[in-house]
Amino acid sequence: MNAMKVNVSRTGVFWQGLKGGLITAAAVMLDQGSKAASLTAANRYRLPPQLEPSPHYRSGALMLLAAALAAVLFVLASASSRSRQAAGLWLMLGGAAGNLIDYLYRGSIINIITVGRIQLNLADIMVYSGAIWLLTTKRETPITRADGKEPLIPS
């Protein structure tokens, strides 16, 4: 029976956490920087309506759930020995943290991208990208049945 590997060495945990912290920090900085630039540009420059960065505010009705999800993502990403899959978790955590910072700092979440009727921001895109990354990343060890027969999920 194949058991999942768990990275227990101190250096492995350190480097995994450092890489994850850098991914999360970069995601938060990109998100917050884009929102700050959008708010500044909306007040300073006049652009064509199609290119106008118009911030839309949305209430954080599900922020408590998002904070709990961020905590779960942090624990999962920290415990993961699969760095390719952990990268998706860290990216999702960065997006969740970006929206959480908005809600705590501004009282609402700023959406700066409008495509048709959909309004979103870079943090939302990072959460979606991390989820897609996580779902499409090939598993390093297949999940097997308890009796050791064929894998439940093909690798």
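Some notes on this structure:
- Relative packing of 121-133, 92-104, 27-39, which averages over residues the other C-beta atoms within 10 Å, highest first: 92-104, 121-133, 27-39
- The length gained on full extension between THR137 and LEU69, counted as 0.36 nm times the residue separation minus their Cα-Cα distance, comes to 22.4 nm.
Coordinate-derived values only; no laboratory data. Since we're looking at a predicted model, the values are computed, not measured. Here the Cβ is made from the backbone with ideal geometry for all residues, glycine too, and neighbour counts use every protein chain on show.
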